[in-house]
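Participant: Can you read through this structure? Questions will come right after.
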Amino acid sequence: MSKPSLNAQTNQYFLSWALYALIFFGLSACHFSQAKQTETYRGLPYHAPTTQTPPQGVKRISADDLAGLLSSENKPVLIDVYGAIFREESLDFDGAWLVSSSRKNIPGSVWLPNVGKQELKPVVEQYFRDQLTQLTHENKSKVLVIYCIEDCWMAWNAAKRSNEWGYTNVLWFREGVDGWNDNNWQLQDSEPVNLPINE
């Protein structure tokens, strides 16, 4: 029997590598897709050490990065998502959150409690959606900086949720108030934005 020609051997070699590449990249794409689908919101305890990695579609920033943004012309929307106590009965009055202790946050911030929980009550979800719409003036490319305290999964969750709702420039400030305070930078007294009341 005659040996395969050099061209035939070369073609077989390249076909083998092409098949290998298809299998490898196909599995890699499948793994990436699966990973994307399985990135879930974090539940209790929210006050716990977080990952160093931001949610998909979100960027992580440092205190220095944030200070630079705040001194620029295109200032971001600052959202503090530190938790407070939700009271159903408050929806029939003023929609006020129950705050257990005074809160200081980064100057210029808007405090929206509990919007970073794993699952949102319908009224809290609508509250978050409405606040994002108002704060960005319906501009979903507006830069959002979402934070809490350093060991807080609610900021991570809220950043992920904002991005999934179509906001394209979401930044996660992992160190939050603690990281800002570590630099001895100014903090402000803050009160949470009230929930919408029942009609």
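Participant: Just to check your reading of the model, which residue among Trp97, Trp165, Trp153 is aromatic (Phe, Trp, Tyr) and under 22 Å from Leu66 (Cα atoms)?
Facilitator: Trp153
Participant: Still on this structure, please answer the following. Working only within region 139-191, note down all residues that are without any contact (Cβ under 8 Å) to a residue 40 or more places away in the chain, aromatic (Phe, Trp, Tyr) and in contact with a strand residue (DSSP E or B) (Cβ under 9 Å, 6 or more places away or on another chain).
Facilitator: Result: Tyr167, single match.
Let's see how each residue does on (1) modelled with pLDDT of 50 or more; (2) touching a helix residue (DSSP H, G or I) at 6+ places or on another chain (Cβ under 6 Å); (3) not in a loop (DSSP other than H, G, I, E, B):
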{"residue": "Leu22", "(1), (2), (3)": "no, no, yes"}
{"residue": "Phe25", "(1), (2), (3)": "no, no, yes"}
{"residue": "Ser28", "(1), (2), (3)": "no, no, yes"}
{"residue": "Gln34", "(1), (2), (3)": "no, no, yes"}
{"residue": "Tyr41", "(1), (2), (3)": "yes, yes, no"}
{"residue": "Thr50", "(1), (2), (3)": "yes, yes, no"}
{"residue": "Gly68", "(1), (2), (3)": "yes, no, yes"}
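Participant: Given the conditions (1) within 16 Å of Leu120 (Cβ to Cβ); (2) in a loop (DSSP other than H, G, I, E, B), report the number of the one that Asn184 does not fulfil.
Facilitator: With (1) within 16 Å of Leu120 (Cβ to Cβ); (2) in a loop (DSSP other than H, G, I, E, B) applied to Asn184, the lone miss is (1).
Participant: Residue under question is Val99, and the condition is that it be more than 28 Å from Asn74 (Cα to Cα) and in contact with a strand residue (DSSP E or B) (Cβ under 9 Å, 6 or more places away or on another chain); does it hold?
Facilitator: So Val99 fits the description; yes.
Participant: Does Leu144 satisfy the condition of being in contact with a Ser or Thr (Cβ under 7 Å, 6 or more places away or on another chain) and either more than 23 Å from Pro55 (Cβ to Cβ) or crowded, with 19+ Cβ neighbours inside 10 Å (or both)?
Facilitator: Yes: the conditions hold for Leu144.
Participant: Now for a different question. Looking only at residues that are of a type in the set (S, T, N, Q) and assigned to a loop (DSSP other than H, G, I, E, B) in region 105-149, which one is nearest to Pro192 (Cα to Cα)?
Facilitator: Asn114
Participant: Could you pull out the residue among Ser101, Ser72, Ser90 that is out of contact with any Asp or Glu (no Cβ under 6 Å at 6 or more places or on another chain), over 29 Å from Glu39 (Cβ atoms), outside any loop (DSSP other than H, G, I, E, B) and of a type in the set (S, T, N, Q)?
Facilitator: After ruling out the rest, the residue left standing is Ser90.
Participant: Something else now. Just to check your reading of the model, which residue among Pro76, Pro55 is touching a Lys or Arg at 6+ places or on another chain (Cβ under 7 Å), surrounded by 15 or more Cβ atoms within 10 Å (Cβ to Cβ), over 30 Å from Glu199 (Cβ atoms) and modelled with pLDDT of 90 or more?
Facilitator: Matching residue, one of Pro76, Pro55: Pro55.
The values are calculated or read from the model by the stated rules, or taken from the named source; none is laboratory data. Please read these numbers as outputs of a predicted model, since none were measured by experiment. Glycine gets a Cβ as well: all are built from the backbone with ideal geometry, and neighbour counts include every protein chain shown.
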